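Novice: I have a structure I would like to understand better, so I am pasting it below and will then ask my questions one at a time.
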């Protein structure tokens, strides 16, 4: 167990950040899944910028690697273009 006041605070703040990151990551994964499942081009073109924005935010905050975000955006762009 932590012996310092600052260490106890760090434990609390890390837990809050972990929950926030987990929520954002899961929300983005669901959005990606919904975009992949879409067969309507118009709907997919509306969803695509929102999903790309979510991926960029995750990459910026090091929740996912920037290369992974780029790979996902590329695959989703190909999917939308193919519809």
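Novice: Go through the range 27-82 and report how many residues are under 21 Å from residue 17 (Cα atoms), in contact (Cβ under 8 Å) with a residue 12 or more places away in the chain and outside any helix (DSSP H, G or I).
Specialist: 3
Novice: Hey, another quick one. Out of the residues in the range 19-30 meeting the condition of being under 25 Å from residue 83 (Cβ atoms) and surrounded by fewer than 18 Cβ atoms within 10 Å (Cβ to Cβ), tell me which one is farthest from the chain's Cα centre (by Cα).
Specialist: In the first step, residues of the range 19-30 are kept if they are under 25 Å from residue 83 (Cβ atoms); the result is 27-30.
This time we only want the ones that are surrounded by fewer than 18 Cβ atoms within 10 Å (Cβ to Cβ), so: 27, 29-30.
Details: 27: 7, 29: 6, 30: 9 Å.
Top of the filtered list is 30.
Novice: Another question, if that's okay. Do we have residue 16 as free of Cβ contacts under 8 Å to residues at least 60 places away in the same chain and surrounded by 11 or more Cβ atoms within 10 Å (Cβ to Cβ) here?
Specialist: Taking the combined requirement at face value, the residue does not satisfy it.
Novice: Pick from the range 57-80 the residues that are touching a helix residue (DSSP H, G or I) at 6+ places or on another chain (Cβ under 7 Å) and under 17 Å from residue 30 (Cβ atoms): which of them is surrounded by the fewest Cβ atoms within 10 Å (Cβ to Cβ)?
Specialist: Looking at the filtered set, the residue picked out is 79.
Coordinate-derived values only; no laboratory data. This is a predicted model, so every value here is computed, not measured. With ideal geometry, Cβ positions are generated from the backbone for all residues, glycine too; neighbour counts draw on all protein chains shown.
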